[in-house]
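**Q** Just passing along the structure, written as structure tokens.
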Amino acid sequence: MHLFRKLFWILFSFTLGFSQFSRAESQASGNDAVTVEDVYSVQLKAYEASTAFHMFTLMEGDKEVGDSIGDIAREIESLLIRLENSSFLNGHETVLMNGETFIKLVQANEYADQGYTSIYAINDMEAALMAFQGELRNVLTSKNINNSETQILGSAVLVRKISSRYARLAAHWNARTGILPDKEGDTIDVHAEAVATQFQAILQREDLNDETRRSLVQINKKWRFLTPKLKDYQEQTVPYLVTRYSKSIVEDLLEII
């Protein structure tokens, strides 16, 4: 069983070094300017870290998973430093404090020391994640940029959010009664349909080129394959399948940006 987990992790392992989004702007100093893409990147990494947090428990403290949490956390820290050293936040500096809190809690998994993850650690990390993501969404809303790229990035973030939620349920099923339920309209099955709706909305955009359109059609097919598994989350959980496919879909979305 341990060998199976190791082999799975090789296939499943989160992309720690997915290429950063290209940026057209540059500062006078020659450094890349901060853009909304950096904020979406933080969102993606935060959900990636929370998924790894839950998978660490599910895979019984697997070292590679544990190491990946630290790696992702350092990537988030680097992105936050970029934001801090720019004027991009412009009144939303509290996102930095929320980010620090999340980074601390997502790395404080008790499984390595105690052989289990307490309900308190789970709820504290999830609360910090929600606060952090909320602040990041506020930053994006303040920029009011709506084009095909930001829509695609928004869909990628939602896919990662679903993966994180699914991993949480799978890893902590026995303690589920201690986990606060998602509010109505914020459950995995609802989000699964929302992603499909977003894909269709993007495909109808006039500013979408043919190559991107063809790629999105293929990604949508992959998502439609996964959707029934997501909707059936209360009857049967298949975390390895869901996380693996979600990872692949996010990579595909980022590739066409």
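**Q** Just reorder GLU149, GLU126, GLU110, GLU235 by solvent-accessible area, largest first, 1.4 Å probe, all chains present.
**A** Listed by decreasing accessible area, they come as GLU235, GLU149, GLU110, GLU126.
**Q** When only C-alpha pairs under 8 Å and at least 6 residues apart count, what is the relative contact order of the stretch 147-256, in percent? Intermediate results must be reported in sequence, preceding the final value.
**A** Numbers: 82 pairs, mean separation 48.0, N = 110.
Once normalised by length, the contact order is 44 percent.
**Q** Something else now. Please get the size of the charge dipole for the stretch 34-145, origin at its Cα centre, with Cβ charges of +1 on Lys and Arg and -1 on Asp and Glu, quoted in debye to the nearest 20.
**A** Working: 7 positive and 18 negative charges, 81 e Å.
Roughly 380 debye, rounded to the nearest 20.
**Q** Report the local net charge at GLU135: Lys and Arg +1, Asp and Glu -1, summed over other residues whose C-beta lies under 13 Å from its C-beta. Kindly include the intermediate steps, with their values, before the conclusion.
**A** Details: positive: ARG137; negative: GLU93, GLU100.
Charge balance near GLU135 sits at -1.
**Q** Continuing with this model, one more query. How high is the relative contact order of the stretch 34-145? Use alpha-carbon pairs under 8 Å, at least six apart in sequence, and give a whole percent.
**A** Numbers: 100 pairs, mean separation 38.6, N = 112.
It comes to 34 percent, rounded to a whole number.
**Q** Charges at C-beta only: +1 for Lys and Arg, -1 for Asp and Glu. How large is the resulting dipole of the stretch 147-256 about its Cα centre, in Debye rounded to 20? Walk me through the numbers before you get to the answer.
**A** Working: 16 positive and 15 negative charges, 86 e Å.
Taking the Cα centre of the stretch 147-256 as origin, the dipole is about 420 debye.
**Q** Rank ILE152, THR237, SER248 by how far each Cα sits towards the positive end of the charge dipole of the stretch 147-256 (+1 on Lys, Arg Cβ; -1 on Asp, Glu Cβ) and give me just the farthest.
**A** The residue sitting most towards the positive pole is THR237.
**Q** Quickly rank 36-48, 241-253 as a protection proxy: mean count of other C-beta atoms within 10 Å, highest first. Provide the component values of the computation, followed by the final result.
**A** Values: 36-48: 23.2, 241-253: 20.0.
The densest-packed peptide leads the list: 36-48, 241-253.
The values are calculated or read from the model by the stated rules, or taken from the named source; none is laboratory data. These numbers were taken from a predicted model, which means no experiment stands behind them. A quick note on method: Cβ atoms are made from the backbone with ideal geometry, for glycine too, and the neighbour counts reach across all protein chains shown. In case anyone asks, the SASA skips ligands and DNA or RNA and just uses the protein heavy atoms, side chains included. Shrake-Rupley method; radii C 1.70, N 1.55, O 1.52, S 1.80 Å.
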